[in-house]
1. Look at the stretch 33-48 and say how many of its residues are assigned to a helix (DSSP H, G or I), over 19 Å from G83 (Cα atoms) and open to solvent by less than 70 Å² (accessible area, probe 1.4 Å).
2. Please go through the stretch 4-17 and give me each residue that is exposed (fewer than 15 other Cβ atoms within 10 Å of the Cβ) and without any contact (Cβ under 8 Å) to a residue 12 or more places away in the chain, ordered by number.
3. From the residues in the stretch 18-32 that are at pLDDT 90 or above and among the small types (G, A, S), which one is surrounded by the most Cβ atoms within 10 Å (Cβ to Cβ)?
4. Given the options S126, S114, name the one that is of a type outside the set (F, W, Y), modelled with pLDDT of 75 or more and surrounded by fewer than 10 Cβ atoms within 10 Å (Cβ to Cβ).
Amino acid sequence: AVVGLFSRSGPAIISAGVFMGLGIAAMHYTGMSALCVTASTWYEPPLVALSIMIAIVAATTALWMAFHLDRPWHLVVASLIAGFAVCGMHYTGMIALKMVPDPSLPDQLPTMLSPTVVGGGLSILSLIVLWLGNAMTREARLEATSG
């Protein structure tokens, strides 16, 4: 919203990229903290920092490309880089996670939600967020081209 609706300046793109990258990292590490495993777990701090930097740099690069380059294939590359922000952060974050099985820990109860319900709900929520983002930036683009 910052870059799509307001300013496309360097500081705006950097702040939006940092916000986006931190959001990606927060999503990953929040999900990881929700895991219930019968193991002792810890993270390697340098790899955690690297995973967050990957998310921030890739998100910032994708935003810059999406709003400063004008060829259609540039948007495809920007989308791939945004995907790399998520995947690169995720896999680096997973490498940062260390687990050692601990048989003294109690077995965890299985989840109460089926994967179909969770996946379906997340898919619907993702489509709503994409639709709203598109609607918000579309209005700004129409205003920019008409006046």
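The values are calculated or read from the model by the stated rules, or taken from the named source; none is laboratory data. The shown structure was predicted, so the numbers you read here are calculated from the model rather than taken from an experiment. Here the Cβ is made from the backbone with ideal geometry for all residues, glycine too, and neighbour counts use every protein chain on show. Just the protein is used for accessible areas: all its heavy atoms, side chains included, with ligands, DNA and RNA removed. Shrake-Rupley method; radii C 1.70, N 1.55, O 1.52, S 1.80 Å.
1. Summing the residues that are assigned to a helix (DSSP H, G or I), over 19 Å from G83 (Cα atoms) and open to solvent by less than 70 Å² (accessible area, probe 1.4 Å) in the stretch 33-48 gives 1.
2. Answer for the stretch 4-17, where residues must be exposed (fewer than 15 other Cβ atoms within 10 Å of the Cβ) and without any contact (Cβ under 8 Å) to a residue 12 or more places away in the chain: F6, S7, S9, G10, P11.
3. G21
4. Every option except S114 fails the conditions.
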